[in-house]
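These notes are about the structure you will find just below.
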Number of protein chains: 4
Amino acid sequence: MRALIYRSPGVVEVGEVPRPALLAPTDAIVKVSLAGICGTDLHVVRGDFPGLVAGAVVGHEFVGEVVEAGSALQRLRVGDPVMSSDFTACGHCRWCDDGDHWHCDQRAFFGTGTAFGPALGGAQAEYVRVPHADTTLGLLPPDCPSEAALLMGDNLATGWVAVERAATAPGDCVVVIGGGAVGQLTALSAQAAAAGIVLVVEPNAQRRAFAEAHGSLAAHPDQAPALVRRLTGGVGAEVVLEAVGGNGPLDLALALARPRARIVSVGAHVAESWAFPVARGFRDELSLGFAIGDGIRLRRRLLRMVTGGTLDPTVVIDARGTLADAPAFYRQLAAQTLLKAVVTL
Amino acid sequence: MRALIYRSPGVVEVGEVPRPALLAPTDAIVKVSLAGICGTDLHVVRGDFPGLVAGAVVGHEFVGEVVEAGSALQRLRVGDPVMSSDFTACGHCRWCDDGDHWHCDQRAFFGTGTAFGPALGGAQAEYVRVPHADTTLGLLPPDCPSEAALLMGDNLATGWVAVERAATAPGDCVVVIGGGAVGQLTALSAQAAAAGIVLVVEPNAQRRAFAEAHGSLAAHPDQAPALVRRLTGGVGAEVVLEAVGGNGPLDLALALARPRARIVSVGAHVAESWAFPVARGFRDELSLGFAIGDGIRLRRRLLRMVTGGTLDPTVVIDARGTLADAPAFYRQLAAQTLLKAVVTL
Amino acid sequence: MRALIYRSPGVVEVGEVPRPALLAPTDAIVKVSLAGICGTDLHVVRGDFPGLVAGAVVGHEFVGEVVEAGSALQRLRVGDPVMSSDFTACGHCRWCDDGDHWHCDQRAFFGTGTAFGPALGGAQAEYVRVPHADTTLGLLPPDCPSEAALLMGDNLATGWVAVERAATAPGDCVVVIGGGAVGQLTALSAQAAAAGIVLVVEPNAQRRAFAEAHGSLAAHPDQAPALVRRLTGGVGAEVVLEAVGGNGPLDLALALARPRARIVSVGAHVAESWAFPVARGFRDELSLGFAIGDGIRLRRRLLRMVTGGTLDPTVVIDARGTLADAPAFYRQLAAQTLLKAVVTL
Amino acid sequence: MRALIYRSPGVVEVGEVPRPALLAPTDAIVKVSLAGICGTDLHVVRGDFPGLVAGAVVGHEFVGEVVEAGSALQRLRVGDPVMSSDFTACGHCRWCDDGDHWHCDQRAFFGTGTAFGPALGGAQAEYVRVPHADTTLGLLPPDCPSEAALLMGDNLATGWVAVERAATAPGDCVVVIGGGAVGQLTALSAQAAAAGIVLVVEPNAQRRAFAEAHGSLAAHPDQAPALVRRLTGGVGAEVVLEAVGGNGPLDLALALARPRARIVSVGAHVAESWAFPVARGFRDELSLGFAIGDGIRLRRRLLRMVTGGTLDPTVVIDARGTLADAPAFYRQLAAQTLLKAVVTL
């Protein structure tokens, strides 16, 4: 089958690989109809993640149709249209029972080497094998557009979980750090959740313009502290959602937070250590949390929100093509001239 | 001073009454700048409420400025621009401490006779005396339009409390029964709170059109059951918010509710008894609650929502005039040719 | 196999019936080690429920071991010790996905005829067939006593759901109407959930004594209104949990409720109609809900509570025997000389 | 009047100072009947806090009776028995309106110099001046023991806020770091809030014994990691509540936390910086918050809990005396041979 294949750090290309087969009775094989390219994929192709061997298929955002179903599947049948979480979970352990699927021992992350579990083939391909398919996949209802469903498996699930974990309350002033696809969906989620002012902090002028065109305020990081002070009577934001990753953005988050602020970071962090100003954290009674997209737990809620018209995540998609376009999309995403690209298979 | 005066059942007119004076050290006198006419006022002028004597001033929605302040006021000062709850509360008893201000022993309701506590002069007047002013009134910040603040004291507080008490969750299908000012603000509140589909059920075609123009679906009561079934895969709505009052609308609410639905009624109820289908309520695990606008507790949250752009309640105002226009506005509101009228003083 | 068999209204006896077999790949056969007798069973044997044919096996509370496992089971294996919900649910539909398992289309209730779904063999037997076993059953961990696990499938799940649905807050005054096994477990659940005063209202003196011996106050229904007034400064209870069923207990619940009280009924209701005092409900902003034990959704939480020592439900068990003792236990339970009986198989 | 007076670092003694007088119309003068000695006071007398001048009165935990009431007080009257928060708040600003009293601009902390606001005389004295008395003080109801009320102003408010801020859920495994008065009350609060296992981690054997005698497990910090692993199937605690302060206890908190754990610190922190392991925090989706006792907001709830029998905070008091005993109590508290001392005035 055709797939986007990792060759070496920085090099991906479209090529042929063997079509995956069922390996367990709880597996499904999905024929992919639409796949997304995520910011995480840029790390993948740069070779930032361990365990990604040459020849591996990349990609973890997809929707499609079940074409083979393991004998133990209870929910899914061949022919079912499906949406997918970007990672797998068994659905039956104590973590899954509590809705904490990311911490399931059976977690694997599609197309990202061994960074987040055992290696699992990616989804920028004609077919993908889905372990624990009854849990990892959800039925795609006819009233949900494919592009929206694709975003629910990762980017929107991440944006929404940030809003939810921060206990964003109606009228709260919410600052989102980062105006990439996840940041923009975080901002749209905050708006949907009745936040008051939503401010996207982002150096890229095009991305600031996008935020402003979609109901948020926007500011360059250098201007953000003064603006937040002005917007909040000098005290800072009730909620700060960090969607970039790294210690610098966390420091900025602190600088924008008022006493009793809730700060949630959904950006990725690889640093051993971050110097947290603990006396200030105590004095201001700050709360700080880290969260990873909860696509399995949130699937039903996100579906209801999208089909009910609460929010439309597809506005972030600004590039559509076929698999042949994927290598170019990767370059444009790395250059930040695109926000979100999807490819039809 | 000039005021709208109740003469007899069905008769209100503009006239002169004595300007109110401070009676307690926790009172304030407010010079009214803007007053609203509420559906409740229609009951008042019809003579539906006890204790409204000829010559009484009508009205309970207002914003203005403090012109006299009792000696024990801690929060307010002469010159403060203020918004008001439609009822008073002491701010210091166990009910107030718990945010249940409506049940305060010191409750009085402006301009409604003795239906909801001891008689208290109304606010469709140049001046109004406000007992327990530190609690009953809130500071009106410069970034909040007067018309929005006026609505927060009653109609929006009622709409929002319905949404809140029903624990409306993101993506929920919400049915609002009644398309008057409160019903429309309930629908807008539900949208703000990330509801999915919001459907306003209302016989008046003009009001249905208003709902549709402001982000909701709308249906005539006769069509509502079939439409709700179609919208919800046959099971009914997760949330039904009743904003009319009376047993008929409650029956309709039940007819539109799915298993485990939360039904909240913010319409007024005067019937001794309502035949509740208890076997069905048990089988479907229904929840049913009654709520009254919580303007004091919700003031800060509503202010943040309005000034943050979460929702704009002023869209329901379709008539603006002076006190001289009030009698005509009453007639038009009774005829349902207006949705919401406000008068400048 | 040996089982407790329904012969005719009022007549149950121990006898032989065929051992059940797997009928679907998601079924399991459980060898029962412990079965409980529930108040609901008294209705069953009286012939109150439709569809219970002569020869049917009674009972819906059990723990045991999986001895046959359908080929599609993902979670359970032969040899697993298991606890069970008293009803079945598929685990994969929209109701199950939302935690509303009782409303699953695949619901069946063990040993109760067709009152709550298609007929399904009961569990007061050596073996029981369990549909949708991955969802209906839970793994019984070694640190949880069998008797506690047995109670989690119905009585404790019912008591806890009452407390949870009423949003019982720390320090709340909670009245429980009914001192049977469910009522007592409701009271213990309220205590565990940080309620303040917990009062059990019950005519049976022995059951009042049990409540008093286990951390609650107790009162005869005739004395309850005066006592609640005295305990609450005249205003009534914040939370009233009705665990008997029928309109009379609901009327009593209203009589004990303060303004803004939350009333939750977990008693069974078969009446077409109940005269609800709607003007009072509105004036006092009452909330009223009906709830059915949520054993599948609550399983993990209840397990943690019991194994962590939060509460010990087994204190309600005051009769232990073998299947041969079951007919006598039924009589004693009907006479209210027992609170809760369990039989070893 | 007689009072406990700070002389120099390490030196406190009983002596005479002028009786305080009303300075503002919202002040009250309280005749103290019972005062507590808090761990914070040990820092005070060591001279750790700035702005405490020689001759200042120490102490911030007290109950008593209003003997003078400012003219603007709305709630309190001369003769009222009162309990107090350990800090003042105006009750009328946006922070107070939101329940965030600690961040009120009018905050002052009794008897602690200028560390937490402008200097304010302490409460280990016959009389104390209470600014913003309507908010800072609460009425002490007759059914609440004075000793319990005393603890609600600081230590219990701190313990409970830890449990609350961590969203402690029924059945959660809760680890409390520190077995001083606050740690023990945190553990008792966790038990009251339906936690499962509660483990107090504390080096002092006597304090571990106290925890074990009051419903918790206890472990020396060196043994805690292994014990928590054993108690939680190897994964760590859902909730870790840090009640000591300093970076070491925070490091220990992290070591005991499972993925998605909520860590709340109510210990005091003065370090500029703490090395937070951010990659681990992200990978495990940790939440970390800092909290300060919320005595004003929590007063009503704590009163209901104590008078309803939910928990008895007075068990931590192991020394009772008069003001003359206070210097000795300070020494014993510093030596950790006492847990909590109160003095009658």
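The values are calculated or read from the model by the stated rules, or taken from the named source; none is laboratory data. On a predicted model such as this, the values are computed, not experimentally measured, just so you know. No Cβ is skipped: glycine too gets one built from the backbone with ideal geometry, and neighbour counts run over all protein chains shown.
Miscellaneous remarks
- Meets criteria (within 22 Å of the chain's Cα centre (by Cα), under 24 Å from D:GLY138 (Cβ atoms), surrounded by 13 or more Cβ atoms within 10 Å (Cβ to Cβ) and of a type outside the set (Asp, Glu)) for D:GLY36: yes
- Subset of the stretch C:145-154 (residues that are within 11 Å of the chain's Cα centre (by Cα) and part of a loop (DSSP other than H, G, I, E, B)): C:GLY153, C:ASP154
- Failed item in (1) closer than 28 Å to B:SER71 by Cβ; (2) at pLDDT 95 or above, with D:CYS93 passing the rest: (2)
Table: residues versus (1) surrounded by fewer than 24 Cβ atoms within 10 Å (Cβ to Cβ); (2) part of a strand (DSSP E or B); (3) basic (Lys, Arg); (4) under 16 Å from the mean Cα position of the chain (by Cα).
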residue	(1), (2), (3), (4)
B:ARG75	yes, no, yes, no
B:CYS96	yes, no, no, no
B:ASP105	yes, no, no, no
B:THR112	no, no, no, yes
B:GLY121	yes, no, no, no
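- Among the residues making up the stretch A:284-335, those that are more than 14 Å from chain B (Cβ to nearest Cβ), more than 14 Å from the chain's Cα centre (by Cα) and part of a loop (DSSP other than H, G, I, E, B) are A:ASP284, A:GLU285, A:LEU286, A:ASP318, A:ALA335.
- Single unsatisfied condition, D:VAL128 versus (1) within 12 Å of D:VAL58 (Cα to Cα); (2) in contact with a helix residue (DSSP H, G or I) (Cβ under 6 Å, 6 or more places away or on another chain); (3) outside any loop (DSSP other than H, G, I, E, B): (2)
- Meets criteria (under 18 Å from the mean Cα position of the chain (by Cα) and under 18 Å from B:ARG297 (Cβ atoms)) for B:HIS43: no
- Filter result (more than 24 Å from the chain's Cα centre (by Cα) and part of a loop (DSSP other than H, G, I, E, B)) within the stretch B:58-73: B:GLY70, B:SER71, B:ALA72, B:LEU73
- Pairs where the first residue, in the stretch D:219-242, is closer than 22 Å to D:ALA209 by Cβ and the second is among the basic types (Lys, Arg) and modelled with pLDDT of 95 or more, C-beta under 7 Å, 6+ apart: D:ALA237/D:ARG258
- In the stretch D:182-204, of all residues being assigned to a loop (DSSP other than H, G, I, E, B), touching a residue at least 24 places away in the same chain (Cβ under 8 Å) and more than 10 Å from chain C (Cβ to nearest Cβ), the one that is surrounded by the fewest Cβ atoms within 10 Å (Cβ to Cβ) corresponds to D:ASN204.
- Test: residue in the stretch A:213-231 that is of a type in the set (Ser, Thr, Tyr) and within 14 Å of chain D (Cβ to nearest Cβ): no
Matching residues to (1) in a loop (DSSP other than H, G, I, E, B); (2) in contact with a helix residue (DSSP H, G or I) (Cβ under 9 Å, 6 or more places away or on another chain); (3) on the phi < 0 side of the Ramachandran plot:
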{"position": "D:GLN206", "(1), (2), (3)": "no, no, yes"}
{"position": "D:ALA211", "(1), (2), (3)": "no, yes, yes"}
{"position": "D:ALA218", "(1), (2), (3)": "no, yes, yes"}
{"position": "D:ASP222", "(1), (2), (3)": "yes, no, yes"}
{"position": "D:ALA226", "(1), (2), (3)": "no, no, yes"}
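- Matching residues, the stretch A:261-274, being closer than 22 Å to D:ILE292 by Cα and among the hydrophobic types (A, V, I, L, M, F, W, C): A:ALA261, A:ILE263, A:VAL264
One line per residue, one yes/no per condition, for (1) out of contact with any Pro (no Cβ under 7 Å at 6 or more places or on another chain); (2) within 22 Å of B:GLY267 (Cα to Cα); (3) touching a residue at least 40 places away in the same chain (Cβ under 8 Å):
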{"position": "B:ILE5", "(1), (2), (3)": "yes, no, yes"}
{"position": "B:GLU13", "(1), (2), (3)": "no, no, yes"}
{"position": "B:PRO18", "(1), (2), (3)": "yes, no, no"}
{"position": "B:PRO25", "(1), (2), (3)": "yes, no, yes"}
{"position": "B:ALA28", "(1), (2), (3)": "yes, no, yes"}
{"position": "B:CYS38", "(1), (2), (3)": "yes, yes, yes"}
{"position": "B:VAL44", "(1), (2), (3)": "yes, yes, yes"}
{"position": "B:PRO50", "(1), (2), (3)": "yes, yes, yes"}
{"position": "B:ALA54", "(1), (2), (3)": "yes, no, yes"}
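- Reported count of residues in the stretch D:77-92, each being surrounded by fewer than 24 Cβ atoms within 10 Å (Cβ to Cβ) and touching a Cys at 6+ places or on another chain (Cβ under 8 Å), is 1.
- Filter pass, D:GLY321 being assigned by TED's automatic domain parsing to the domain that holds D:PRO145, of a type in the set (Gly, Ala, Ser) and more than 20 Å from D:VAL45 (Cα to Cα): no
- If you go through the stretch D:47-87 and pick out every residue that is away from chain B (no Cβ under 14 Å) and among the polar types (S, T, N, Q), you end up with 1.
- The residue list B:PHE116, B:PHE87 contains one member that is modelled with pLDDT of 95 or more and among the aromatic types (Phe, Trp, Tyr), which is B:PHE87.
- Within the stretch D:222-260, the set of residues being crowded, with 24+ Cβ neighbours inside 10 Å, closer than 21 Å to A:PHE290 by Cα and either more than 23 Å from the chain's Cα centre (by Cα) or among the β-branched types (Val, Ile, Thr) (or both) comprises D:ALA237, D:GLU238, D:VAL239, D:VAL240, D:LEU256, D:ALA257.
- Number of residues in the stretch B:77-89 that are over 15 Å from B:LEU139 (Cβ atoms) and outside any strand (DSSP E or B) equals 3.
- Filter result (buried (at least 18 other Cβ atoms within 10 Å of the Cβ), in contact with a helix residue (DSSP H, G or I) (Cβ under 6 Å, 6 or more places away or on another chain) and at the interface with chain D (Cβ under 7 Å from one of its Cβ atoms)) within the stretch A:264-283: A:HIS269, A:TRP274
- Residues that are within 14 Å of another protein chain (Cβ to nearest Cβ), in a helix (DSSP H, G or I) and of a type outside the set (Phe, Trp, Tyr) within the stretch A:155-181 comprise A:LEU156, A:ALA157, A:THR158, A:GLY159, A:VAL161, A:ALA162, A:VAL163, A:GLU164, A:ARG165, listed in sequence order.
- When the stretch B:122-149 is filtered for residues that are more than 11 Å from chain D (Cβ to nearest Cβ) and hydrophobic (A, V, I, L, M, F, W, C), the ones remaining, listed by number, are B:ALA123, B:ALA125, B:VAL128, B:VAL130, B:LEU137, B:LEU140, B:CYS144, B:ALA148, B:ALA149.
- Taken over the stretch D:64-94, the criterion of being aliphatic (A, V, I, L, M) and closer than 17 Å to D:ARG297 by Cα is satisfied by D:VAL82, D:MET83, D:ALA89.
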